[in-house]
Structures are given as structure tokens and as C-alpha cells.
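Heads up, the thing below is written out as C-alpha cells.
Derivation of every value follows stated rules applied to the coordinates shown; laboratory data play no part. Please read all numbers here as calculations on a predicted model, not as lab measurements. Methodologically, a virtual Cβ is constructed for each residue, glycine included, from the backbone with ideal geometry; neighbour enumeration extends over all protein chains shown.
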Amino acid sequence: MSANATTSRRNFLKSAAMAAASALAADSVFGEAVNPVPPGGNELPVLPNVTWDKAPCRFCGTGCHVMVGVQDGKVVAVTGDRQAEVNKGLLCVKGYHVGMVLYGADRLKTPLLRKNGELVPISWDEAIAVIAERIHTAPQKFAIYGSGQWTIPEGYAANKFIKGGLSNNHIDPNARLCMASAVTGYISTFGVDEPYNCYDDLDHCDTLLLWGNNFAEMHPVLFSRVVDRRLRGESIELIDLTTRHTRTSQQANHVLVMQPQSDLAIANCIAHQLIERNAWDREFVEGFCNFRGPGTPASLKGEPITFEQYRAEVSQYTIERTSEISGLSPQQLTLLADRFADKSRKVLSLWCMGVNQHTQGTAMNNLLHAIHLLSGHFGRPGDGPQSLTGQPSACGTVREVGTLAHALPGGLRVDDEKGRQIAEENWKLPAGRINPQPGYHTVLMWEKFCSPSDTEGALDTLWVQVTNPGQSLPNLHKLFNRKADLDGKFLIVSDVYPTATTELADLILPSAMWVEKNGIFGNSERRTQQWYRMVSPPGEARDDCWQMIAVAHKLFELNHEGMKDRDGNFLFTQRDESGSEIPLWEWEHYYDINIDERLYEEYRQFTRIKHKDLAPYPVLAKARGLRWPVVELQDGTWKETRYRFVEGTDPYVEPAKRFQFYHSVTGDDRALIWFRPYVVPPEVPDEEFPFWLDTGRVLEHWHTGTMTMRIPQLQKAMPTAYVEINRDDASELGIRNGDAVKLITRRGELTLPAWIDGRASCPPGHLFVPFFDEKLLVNQLTLEAHCPFSKEPDYKKCAARIERVTL
Amino acid sequence: MWISSLVVTLPSDSKRALAITESLRAIAVITLGEARGVRLPVVIEASDGVTSRYWYQWIESLPGVQHVELAFVSFDESDEALKIDSDGAPSPLAVGCGMPGLFVGEEEAK
């Protein structure tokens with residue numbers, strides 16, 4: 001390129017960059033727009049020969065929309081989508097670089113089969129045949145480990161293939177590791193999963209109470225709403241209830257540093273205070289709630305209790321006792337109770353992994369709903385409890401499509417006869433095809449895969465799609481690494497890059513990702529989001545959904561009965577307008593139709609059963625996501641729902657009911673106020689392992705870093721994992737900033753650099769390590785103990801020791 | 001050349017806002033746009049992504065800066081300096097990265 005051309009291009013890019021920033025600066029982003037985007041308009045940078053289209057961001061569960069610029073078959077620019085309600089044009093540092101996830105130098109481009117210990121390239125035909133043969137030989141020893149990053153059609157196809165085709169329910173997603181406790185919490189409280197509210201609450205709350213949630217780093221665009229309101233002069237109180245100081249704490253009015261696990265006691269203490277002060281909302285509770293205790297032994301269903309029994313249970317959690325358990329001062333506990341006692345304030349509780357990755361995760365979710373219901377802080381915009389998710393389609397693909405081991409699409413269950421009948425009817429299966437026995441949840445699935453083949457219930461073939469369990473499972477030595485020493489195990493991995501999981505894979509399938517395929521995600525606020533394919537995948541990489549359908553058809557060719565519907569047709573048969581079957585299993589025909597649309601419309605019939613109605617695909621295609629239930633109005637337009645169970649906003653609430661929990665556990669339209677006791681965690685610091693070890697994420701990297709560590713800006717910004725240690729603890733142990741230290745738990749040890757008073761800081765006796773770094777696998781150290789109901793492991797607390805490494 | 005743009009949210013105190021604006025104006029690779037209230041559009045021209053990131057974080061660290069939002073990033077040019085470290089090890093060049101002080105100097109614990 002000539003010097004003139006370079007200068008011209010630079011000036012052009014500068015102009016485009018300044019225009020984008022000026023447009024953003026002109027808006028008060030989440031408030032009243034000074035310079036609103038005109039309907040249907042979107043001020044995009046004008047770049048020559050670049051076409052733009054919408055897509056949700058590939059990373060977290062927020063569901064920001066980006067505009068993707070494509071030139072000559074390549075993504076060349078990304079900017080925030082100003083038409084998107086979720087982010088109004090804003091993106092976080094990961095989102096702005098999302099286009100680069102496609103172009104890492106080591107993209108997988110051809111199927112690889114391990115032969116004599118070496119991975120060698122093979123054809124797709126051979127790869128598909130190898131998988132089909134393994135499954136055909138032992139279908140009940142096969143499992144699928146999927147993801148909250150699967151698109152909705154991908155998850156739906158996998159679910160139908162294994163549950164409807166193989167009569168095998170051994171399918172579970174990585175979302176089991178991040179939000180399963182929220183699912184059991186919602187179901188046991190309201191009778192149906194997913195938040196009743198939405199992000200609009202952030203624009204209306206007076207107090208934002210974060211329960212173990214580093215909101216500023218983990219959901220930075222949503223956090224911008226809080227910052228934005230403050231900049232406009234609004235008073236919004238931020239209370240950070242946390243186990244360590246983070247960037248969120250820096251913005252908080254009150255930072256309440258609690259002991260791990262003590263959140264259970266704190267929530268009960270708030271309930272006790274509300275009753276003591278007679279500040280609970282008697283009218284709301286008597287009108288819309290029942291009380292429930294854990295039962296003996298404790299169970300997910302629990303047992304009914306009276307208000308007096310509830311009062312007696314929570315009365316154990318006095319300010320004094322809770323202060324001892326939690327480490328919070330009586331004044332801090334009183335502050336929390338004050339906020340819930342004040343009905344003039346709107347209080348929003350938010351949580352994510354701190355509450356969900358918890359051996360009492362279900363209980364903690366129950367308690368958060370309980371204090372909001374008891375206090376009547378429920379149902380007004382800005383006033384309620386809301387869980388957030390970490391993956392782009394943990395809600396859409398896992399919770400709604402039902403890719404959990406016990407679930408069927410639309411909130412149905414495999415162990416419920418009526419649910420199975422509905423699924424069999426919708427899938428045109430012979431009666432009785434679906435197995436009534438729930439499959440293995442994640443921890444159990446990997447235990448069974450890492451057990452000798454002659455062990456009862458052992459799994460021999462496991463297909464992983466769109467996730468990296470070799471880095472993200474807890475206690476990796478037990479749940480993953482053992483596979484290397486076992487005979488007869490066959491690990492299939494569909495992915496876009498080499499990962500810790502592909503290290504042990506026997507067959508690697510190169511996948512298309514994000515805008516290399518059509519897709520649909522469902523975000524944290526019930527918003528279903530669609531996008532179209534914009535560029536081609538590299539080499540021979542192909543869609544995950546195609547891979548599943550191709551294997552299904554190979555089994556059909558092998559005359560596997562399960563791959564036939566009740567009329568003998570292939571399970572995934574699709575026909576063109578003339579009625580001829582489209583050979584979708586042949587890659588060259590896969591895009592003859594929009595299979596996403598076909599699968600989505602098939603799936604959509606399930607969504608009406610539990611009032612989770614989705615919009616038709618063409619309607620979705622025009623929107624920046626729509627929050628379900630989406631219902632058709634008399635004028636033919638489609639209306640989304642901001643608040644469920646609330647009269648006037650939820651179309652399924654009957655007139656004059658005010659609130660109606662129409663899937664109520666007790667069948668009387670009431671929600672449950674649960675009592676769940678404080679329980680000591682399964683592993684606590686002792687003389688040998690005197691520290692608490694917490695793990696989590698950082699701003700720059702998303703989950704196991706397989707994408708963000710391939711984006712140079714992000715990798716350079718945060719190149720390695722570290723252990724965060726308190727300054728006084730470090731001093732006592734002779735550890736200096738940057739020193740290599742050995743971190744040891746009962747499950748393993750790891751050497752990594754120490755970081756003192758960095759971005760965040762731990763209180764004495766606490767350590768934190770992020771899990772994004774594939775070269776420093778902290779999950780070799782974590783505990784696989786999990787919530788008895790959600791089966792979600794606790795990555796946030798185990799006992800550890802730290803030693804300075806002497807070189 | 002790496003070009004990105006930001007919106008810097010200035011403090012409402014006009015003297016402090018002016019001081020920040022002057023600090024930014026003194027940097028050759030930074031071009032200022034027209035402020036809208038407390039929101040100031042800024043373009044950074046850097047030789048590579050690492051340097052760009054350095055300036056982003058430098059702005060973020062200026063006393064009084066309330067918030068920094070990314071508005072635009074161009075990423076269609078090849079850049080040797082942006083290649084992933086082959087061993088993934090922390091680089092002494094990671095100045096201005098998310099871990100200030102860790103690999104630069106020998107800050108001692110108390």
C-alpha cells in the first residue's frame with residue numbers, strides 16, 4: 001500500500017472512530033436520549049465495501065447486540081448496536097474484540113482422529129462413521145456434554161437426537177456448572193424456571209444489592225446502567241455483599257465483606273429482622289405466598305410450614321449470631337434489614353456465580369426470593385430478585401430447550417409421563433420411546449466416563465460440543481485427567497480451537513462458530529435473539545448441528561430404530577416445497593433451507609406449554625431480541641413481556657388478580673417463602689490448609705479463555721493467571737508481588753505468580769485465582785462437592801495452603 | 001496503525017475536567033472531539049494494540065475520570081506486536097496491562 005493510501009485509510013478510520021465516539025457521547029445511553037436513534041435507523045461507521053448485520057455478542061449472558069461489518073467474506077469491524085435495548089450501542093472490552101475470535105492462527109480446520117497416539121487428519125465421512133459405529137455398538141454407554149453456548153437449534157437437535165432417538169438421557173450442559181442452582185431455586189419457589197423480571201430493573205431501583213457478584217467486571221455493560229444513572233444525578237445506592245474487594249466494591253456505597261457460605265445466615269437474619277420489626281408485607285404474603293420448610297431429610301420439594309413455624313426457624317438468626325457467622329458488624333446487618341424494611345425504596349438483588357456455585361445453591365436462591373416476597377419488594381420495576389447467567393444461551397438453550405439430563409423442551413421432564421407423551425407426540429415418536437429415567441448430571445457423567453468400562457453404569461463414548469471441560473470441571477484430576485489411563489474410552493470433541501479438552505480427545509471435529517452459522521441465543525432476561533450467517537467457516541469446519549444430524553443419519557442408514565419416527569421417516573426429515581426430502585446430512589445441502597428456522601419452529605410448539613411462548617422466526621429476525629412470553633395481539637403484532645406474574649404486563653395473569661404465580665408449586669397461584677438453614681460448607685480451612693480458595697473470572701477473559709486468549713489485545717492485557725493474596729498474609733509468608741508461589745489443596749497443587757493489592761484484594765485468610773488460563777489450571781485444585789438438588793459444584797470455597805517457591 | 005475511539009466521562013467539577021482535558025490534549029496520539037456535557041469523545045492512534053491498550057488504561061487511571069467506554073476499534077491490520085506470546089508466559093512488555101506493578105519493578109510486600 002502506498003504512503004498516500006495508508007494516510008488516506010488512516011484518516012478515514014480516524015473519522016469513523018471519532019464519529020462513533022461522538023455519537024455515543026451525545027447520548028445519555030440508558031436514560032433519556034439526547035440524540036435518539038431514529039426508528040429503524042442505526043448510525044454505523046461508513047466503511048467502503050463493508051456490509052453490516054446484527055448479531056448478539058458471542059460471549060457472556062448479558063446478550064448485548066453488536067453490528068458486524070463484513071468485507072470480502074471476512075469480519076473486519078464490530079460496533080455496538082444502538083438499536084439494541086440491552087446495550088444501546090455500548091460494548092465491553094471483550095465485545096469490541098469479538099470479531100477477532102474467528103481468526104486465531106490455530107483454528108481447527110479438519111477432523112482429526114487419534115491413531116497410535118497421534119492425531120491424524122481424516123475425512124468427515126470417516127469421522128461421522130466412527131461416531132455412529134461407537135454409538136450403534138453401545139447406545140446406552142454414550143453421552144453428550146453440551147453447553148450454554150450451543151445455539152437454541154443446536155441444543156434442540158442434540159436433545160431430540162439422544163432423548164428422542166437413542167432413548168438415553170445422558171445429556172447435560174456446562175451450564176450445570178454455572179446456573180443450575182438458579183433453576184432449582186426458581187422452580188421450587190415459583191413452580192417454573194427463569195427470572196420474572198428483566199434488566200429494566202437497573203433503570204428503576206433505588207438500592208442495588210449484589211450478592212457475591214463482581215458486577216462491574218462480569219457484566220460491565222449492565223453495570224454501565226448504574227454508572228450512567230449516577231452521572232445523570234440520580235441517587236442509586238450500591239451495596240456490595242462480597243468475600244473480597246473488587247472493581248465493583250470501588251463503586252459501592254457500602255462494601256460488606258462476609259465470610260464464605262454465610263450468605264445463608266445473612267438472608268435468614270434479614271427475614272428475622274423483618275418479622276421482629278413487623279416490617280414484613282402482610283398483605284402481599286397473605287395474598288400471594290405460602291411458607292415452606294426443608295423437610296426431613298431436606299429435599300427440593302420440602303414440606304409446608306405455617307408462618308409461626310417460619311418465624312420460629314428464622315428467629316435463630318439474630319443479629320448477634322449472624323454477625324458471628326458472617327463477620328459482618330451488627331450495624332451492617334441492620335443496614336441490610338433497613339433496606340428491606342423500607343417499602344418506599346425499590347430494592348434489586350442481583351446474583352450470579354457467588355450464589356449459584358454453592359453447595360447450598362438452591363437454598364440460597366430460595367432465600368433470596370424469600371426475603372423479597374416476605375418484604376413485598378417484588379413486582380414493581382426495580383424492586384425484586386434477579387439471577388444473571390454467564391453464557392450467551394444458558395437460558396435459551398439449556399433452561400428453555402431442556403438440555404439438562406432430567407429435562408425435555410419447554411419445561412417438561414423425562415420422569416413425568418405427560419411430559420414424555422407431549423414430547424413423543426411433537427417429535428412423532430412411537431409411544432414409550434423416551435426413557436423415564438433422568439440421565440447423568442455433569443459431575444456424575446464425568447465420574448462415569450472416568451471409571452473403568454466394566455464399572456456399573458460406566459460411559460465409554462462422550463461427545464463434547466462447544467465447551468471445554470478439561471479446564472472447567474472441578475477436581476480435574478478425578479473428573480477428567482483419569483481418562484488418559486483408561487482403556488476403551490472414546491472422547492469426541494467439537495470445537496474451534498485446540499483446548500485442554502482436545503488434549504485427551506480421540507476424535508476432534510472442527511466447528512463453525514458465531515456468525516459463521518445461523519443462530520439463536522436466549523439471554524439472562526428471557527430475551528430470544530436471532531442472527532444470520534455472515535461469513536464461511538475456515539477449511540472444513542462445519543456447524544455443530546450439522547454434525548449431530550449427520551451422525552443421526554448415519555445411524556439411520558445402519559437401521560437404528562431410534563433414528564426413525566413412528567412412520568419410519570428419519571428423525572430430522574425436512575422437505576422442500578415439492579415435498580422431496582432434503583439431504584441435510586450432506587454438507588453441500590445443509591444450507592439448502594434455513595434449518596435453524598425449521599428446528600426453531602418445531603421447538604416453538606413446546607414453549608406454549610408453560611407460558612414461555614416465543615415469537616415466530618421471521619418476527620424474531622427483525623427484532624433485537626424479544627422477551628418471552630411473546631404473544632400475538634389482535635392487530636397481528638407481537639408483544640413481549642417485561643414482568644411475568646404481574647397483572648398488566650404478563651398476558652397470562654387473569655384480570656383483577658394483581659399477582660398470579662400460575663405455575664405455583666402448591667397449585668393455588670402462590671409463590672413459596674422458603675426457610676433453609678445455614679449449613680457449614682463441606683471443606684473449611686484448618687491447620688493444614690488454612691486459607692479459603694475462591695476462583696472466578698476477570699474482565700478481559702471469558703470463561704476458559706479459549707477465545708479471548710486468542711485475541712491479542714485481551715491476551716496481552718491479562719496474559720496469565722495469578723493468585724490474589726492479602727498483603728499481610730503475603731508479608732507473613734515472605735511473598736512479594738510477582739513471586740512464584742505454590743498453591744496446594746487436598747486435590748492437587750499449582751505454581752503461579754502472586755498478586756498483592758492489584759485490581760482486587762482479598763481479606764486475610766483468603767485467596768483468589770481466575771480460571772481462564774489453560775496453562776495454569778486452577779480446577780485441578782477445586783472441590784467437586786455440589787448442591788444436593790441442583791448438582792452444581794462449589795468453585796468458590798475450598799481449603800488451601802500457599803508456599804513461596806524457592807528457586 | 002491501531003485506531004480506536006473512546007468516550008471519557010469527565011468529573012462534573014469544571015476545573016478538574018479541564019485539567020483532564022489538558023492532560024489528554026498534550027498526548028500526540030490522542031485526538032479530542034467535541035465534549036457533550038461531561039462526555040468527551042477521544043480517538044487514539046497507536047502503533048499496535050498493546051500501546052493502544054496502554055493509553056486506554058492510562059486514561060482510565062487519570063484522577064477524576066469517571067468512566068471510559070470503548071466506541072470503536074479497527075482490527076483489520078496485521079501487527080507483529082499483537083501476536084500471542086507463544087508460551088503464554090507473562091511478558092515484561094505487558095506494561096499497562098491489567099496487572100500493574102506485577103511484572104514491572106520489584107514492589108515489595110510490607
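When each of the peptides B:18-25, A:225-232 is scored by how many other beta carbons lie within 10 Å of its residues on average, the order from highest to lowest is A:225-232, B:18-25. Calculated on the Cα set of the range A:582-679, radius of gyration then Dmax: 18.7, 58 Å. Packing, as the average of other Cβ atoms within 10 Å across residues, places the peptides A:468-480, A:616-628, A:448-460 in the order A:468-480, A:616-628, A:448-460, highest first. Kindly work out what percent of the DSSP beta bridges joining two residues of the range A:180-388 are antiparallel, to the nearest 5. DSSP beta bridges in the range A:180-388 are roughly 20 percent antiparallel. If only the Cβ of Lys and Arg carry +1 and only the Cβ of Asp and Glu carry -1, the dipole of the protein assembly as shown around its Cα centre is close to 920 debye. Under 1.5 on a/c is rounded, so check that first for the range A:180-388, then, if it is not, pick prolate when a/b is larger than b/c and oblate when it is not; a ≥ b ≥ c are the square roots of the alpha carbon gyration tensor eigenvalues. Verdict is rounded for the range A:180-388. Summarising the label geometry, the points placed 7 Å from Cα in the beta-carbon direction at residue A:49 and residue A:417 lie 6.6 nm from one another. Each peptide in A:739-748, A:276-285, A:783-792 was scored by the mean count of other Cβ atoms within 10 Å over its residues; highest first, the order is A:783-792, A:739-748, A:276-285. Take every pair of alpha-carbon atoms less than 8 Å apart whose residues are at least six positions apart; their mean separation over the length of the range B:2-75 yields a relative contact order of 50 percent.
Could you calculate the FRET efficiency of residue A:586 with residue A:120 from 1/(1 + (r/R0)^6), where r is the beta carbon distance between them and R0 is 22 Å, rounded to 0.05? Could you put the intermediate results ahead of the total?
Details: r = 24 Å, r/R0 = 1.10.
The value I calculate is 0.35.
With the cut-off at under 16 Å, measuring from each backbone N in the range A:100-135 to a point 7 Å along the Cα-to-Cβ line of residue A:540 picks out A:107-115, A:119-132. Comparing Cα centroids, the range A:152-194 and the range A:360-436 end up 8 angstrom apart.
For the protein assembly as shown, taking Cα atoms only, Rg and Dmax work out to 26.7, 83 Å respectively.
A DSSP coil position with no more than 15 other Cβ atoms inside 10 Å describes the following trypsin sites (Lys or Arg not before Pro) in the range A:322-354: A:343.
Projected label points at residue A:15 and residue B:15, each 7 Å from Cα along the beta carbon direction, are separated by 4.1 nanometres.
Residues of the range A:673-702 with an amide N closer than 17 Å to a point placed 7 Å from the Cα of residue A:503 along the Cα-to-Cβ direction: none. In this calculation the C-beta distance from residue A:105 to residue B:47 is compared with R0 = 30 Å, giving a FRET efficiency of 0.90. Extending 7 Å from the Cα toward the beta-carbon at both residue B:23 and residue A:558 defines two label points whose distance is 6.6 nm. Given the pairs A:448/A:796; A:74/A:448; A:301/A:564; A:346/A:657, which span a C-alpha to C-alpha distance of over 31 angstrom in this model? Among A:448/A:796; A:74/A:448; A:301/A:564; A:346/A:657, the Cα-Cα distance tops 31 Å for A:74/A:448; A:301/A:564.
For the range A:532-632, the set of GluC sites (Glu not before Pro) satisfying both a DSSP loop assignment and a count of at most 10 other C-beta atoms within 10 Å is given as A:577. Take the Cβ atoms of residue B:62 and residue A:733, set R0 to 22 Å, and the FRET efficiency comes out at 0.05. Subtracting the Cα-Cα distance of residue A:668 and residue A:140 from their residue separation scaled by 0.36 nm leaves 186.1 nm.
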